[in-house]
Amino acid sequence: MINLYGWQPTIGDPTFLGWLTVLAYCFAFLLSARVVSCAERCFTSDTQKQVWLWAAMAGLMLFLAINKQLDLQSFFTAWAKYNAREYGWYEHRRSIQMGFIVAVIVAGFCALVFLLVLFRKQLKNNSLALAGLCFLVSFIVIRAASFHHFDRLIGVHLGVLRINHLFELSGIGMICANAMTLLRRVR
């Protein structure tokens, strides 16, 4: 078995909710791909620009479905820990992690503003998906930073759901809801 930086490829979340999240990513992929294939009927203007957005969304959803079960963000975490020890900054990791999380939140906000400006004429069609996308990507990147206080927060249970699942499924749900709204126009 491959063992890089103390990481091995395994099933990342073999629970029912883990597999449900993978299925949600796959569903979001299928819906996004369907929006692309029906673009001429989904959009009344700037079709090509919106096709680009939804094709990128479809590709990202497929990648995230695979990532969810291969646990690639754990590879990133193991790689970062290895390098922190190797280059002597491991004892400063908490402040670096906090800076990383702040940078991701700021970058996520900036990405959302950029996407909202870029697609300002198409916000009616895509605002929920854009917000869901930025929320989801920011959550995943922060999760990959393995900040222990954040890990404790997302590990909290709300009934059968962990906050981790709630955050991830919420972002996916926003993208799916937007895609379904667009696909209703096709009928």
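Find how much the distance from residue 16 to residue 127 grows on full extension, using 0.36 nm per residue of separation minus their present alpha carbon separation; answer in nm with one decimal. Intermediate values should be presented prior to the final figure.
Details: separation 111, 0.36 × 111 = 39.96 nm, distance 3.03 nm.
Length gained between residue 16 and residue 127: 36.9 nm.
Projected onto the charge dipole of the chain (+1 at Lys/Arg Cβ, -1 at Asp/Glu Cβ, origin at the Cα centre), which of 72, 97, 50 gives the Cα projection farthest towards the positive end?
The Cα lying farthest towards the positive end belongs to 50.
With a length cut of 30 Å (Cα positions projected on each helix's long axis) and a Kyte-Doolittle mean of at least 0.5, go through the chain and give me the DSSP H helices that pass. Show your work: numbers first, answer last.
Details: long enough: 16-37 (31 Å, 1.75); 47-70 (34 Å, 0.70); 93-118 (36 Å, 2.07); 123-144 (32 Å, 1.48); 163-184 (31 Å, 0.95).
Qualifying helices: 16-37, 47-70, 93-118, 123-144, 163-184.
Not counting ligands, DNA or RNA, and with a 1.4 Å probe, what is residue 92's accessible surface area in Å² rounded to the nearest 10?
100
Return the distance in nm (one decimal) between the two label points of a simple spin-label model at residue 166 and residue 30, each offset 7 Å from Cα along Cα→Cβ.
Between residue 166 and residue 30, the label points sit 2.8 nm apart.
Rounded to the nearest 500, what is the chain's calculated 222 nm mean residue ellipticity when only DSSP H runs of at least 4 contribute -39500 (n - 2.57) each, over all residues? Numbers along the way, then the final one.
Working: 8 runs with 142 residues, N = 187.
Per the formula, -25500 deg cm²/dmol.
Express in whole angstrom the spacing between the alpha-carbon centres of the stretch 12-45 and the stretch 48-72.
8
Which residue fluctuates most in the GNM of the chain (Cα springs below 10 Å): 114, 100, 16?
Answer for the Gaussian network model of the chain: 16.
Express the accessible area of the stretch 17-102 per residue in Å², computed with a 1.4 Å probe while the remaining protein chains stay in the model.
Working: 4740 Å² over 86 residues.
Value for the stretch 17-102: 55 Å² per residue.
Express the carbon and sulfur contribution to the solvent-accessible surface of the stretch 20-148 as a percent, rounded to the nearest whole number, probe 1.4 angstrom.
Values: 4840 of 6870 Å².
Ligands and nucleic acids excluded, carbon and sulfur reach 70 percent.
Starting from 0.36 nm per residue, how many nanometres of slack lie between residue 95 and residue 41 once their C-alpha separation is accounted for? Mind dumping the intermediate values first?
Working: separation 54, 0.36 × 54 = 19.44 nm, distance 4.97 nm.
14.5 nm is the gain from fully extending residue 95 to residue 41.
The values are calculated or read from the model by the stated rules, or taken from the named source; none is laboratory data. Nothing here was measured: the structure is a model prediction, and the numbers come from that model. In this analysis, Cβ positions are derived from the backbone assuming ideal geometry, glycine residues included, and neighbour counts consider all displayed protein chains. Just so you know, the surface numbers come from the protein's heavy atoms only, side chains and all, with ligands and any DNA or RNA stripped out. Shrake-Rupley method; radii C 1.70, N 1.55, O 1.52, S 1.80 Å.
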